[in-house]
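Step one of this worksheet: look at the structure below.
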Amino acid sequence: MELHNSAGALIGSNDNWQTTIIGGIITSNQVSDIQNSGHAPTAANESAIIANLAPGNYTAIVRGVSNTIGVALVEAYDLSPDTTSVLGNISTRGFVQTGENVMIGGFIVQGTGTKSVIIRAIGPELAQYGITNALANPTLELHNSAGALIGSNDNWQTTIIGGIITSNQVSNIQNSGHAPTEANESAIIANLAPGSYTAIVRGVSNTTGVALVEVYDLD
């Protein structure tokens, strides 16, 4: 795993969480802190970094050692929920396939009240950033911790009523500041109680390609 700042500079890395790689923002052994965080990986080959980060944009990059490939999970946990800084957006880019190889983005709402978020599935927009195999028409599903479908969308300018989506969302998406730039992309605004949620991105008619799944905090 590599951690990069908004300028693209490498500011931290790890391969096997029980061995700290000193460099960048990592200035001392992190093994004990990772163990005490409550989020230590269960396998020695997995990677982890604890970082004290200033406000800004950051990117975590996951690769397989020796160019190996396979399904992996990249996660970010807020270890300082009482500070004035918040984890305001999470996003993951990957290759969306079919069946069990669709894109899955999980997130947790903490606290005691509901949280307003916008969830997006982005495909065609990626072409402007040099992605040649972007997913042409992504669909988006939102599931709760029990796995139940609580909302869905295919093309953000057409609201699909059902579950937690009870009225037309197009105007609210436009006013959120996070409206997708392409009509084929998908978005859902949701007011969510504390708990775990999963966003699933698929391609219409089992098409495949690179897509981005994102969650923004609107509060």
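The values are calculated or read from the model by the stated rules, or taken from the named source; none is laboratory data. Just so it is clear, the structure is predicted and the values come from calculations on it, not from any experiment. Here Cβ is always computed from backbone atoms with ideal geometry, including for glycine, and neighbour counts include all displayed protein chains. These accessible areas exclude ligands, DNA and RNA; they are computed on the full protein's heavy atoms, side chains included. Shrake-Rupley method; radii C 1.70, N 1.55, O 1.52, S 1.80 Å.
Among the residues making up the stretch 201-219, those that are in contact with a helix residue (DSSP H, G or I) (Cβ under 9 Å, 6 or more places away or on another chain), assigned to a strand (DSSP E or B) and not small (Gly, Ala, Ser) are 210, 212. Taking the stretch 196-207 as the range and being closer than 14 Å to residue 146 by Cα and more than 16 Å from the chain's Cα centre (by Cα) as the test, no residue passes. Of the candidates 92, 198, 112, 139, the single residue that is in a loop (DSSP other than H, G, I, E, B) and either within 21 Å of residue 218 (Cα to Cα) or of a type in the set (Ser, Thr, Tyr) (or both) is 112. Check off (1) surrounded by 19 or more Cβ atoms within 10 Å (Cβ to Cβ); (2) part of a loop (DSSP other than H, G, I, E, B) for residue 80 and give me the number that stays unchecked. That leaves (1) as the condition not met. Can you tell me which residue within the stretch 160-186, out of those that are closer than 24 Å to residue 148 by Cβ and polar (S, T, N, Q), is nearest to the chain's Cα centre (by Cα)? Step by step, filter the stretch 160-186, then rank; the result is 186.
In the set 26, 50, only one residue is surrounded by 12 or more Cβ atoms within 10 Å (Cβ to Cβ), touching a helix residue (DSSP H, G or I) at 6+ places or on another chain (Cβ under 7 Å) and either touching a residue at least 24 places away in the same chain (Cβ under 8 Å) or within 30 Å of residue 109 (Cβ to Cβ) (or both); that residue is 50.
When 137, 184 are checked against the criterion of being open to solvent by 50 Å² or more (accessible area, probe 1.4 Å), under 13 Å from residue 211 (Cβ atoms) and touching a Gly at 6+ places or on another chain (Cβ under 9 Å), 184 stands alone in meeting it.
Taking the stretch 1-23 as the range and being surrounded by 10 or more Cβ atoms within 10 Å (Cβ to Cβ), over 19 Å from the mean Cα position of the chain (by Cα) and either of a type in the set (Asp, Glu) or farther than 27 Å from residue 82 by Cβ (or both) as the test, the residues that pass are 10, 13, 15, 16, 18, 19, 21, 22, 23.
Among residues of the stretch 88-106 that are among the aromatic types (Phe, Trp, Tyr), those with a beta-carbon under 9 Å from a residue that is open to solvent by less than 50 Å² (accessible area, probe 1.4 Å) at least six positions away or on a different chain give the pairs 95/103; 95/135; 95/209; 95/210; 95/211. So, in the stretch 86-131, exactly how many residues are farther than 22 Å from residue 190 by Cα and open to solvent by 30 Å² or more (accessible area, probe 1.4 Å)? Number of matching residues: 12.
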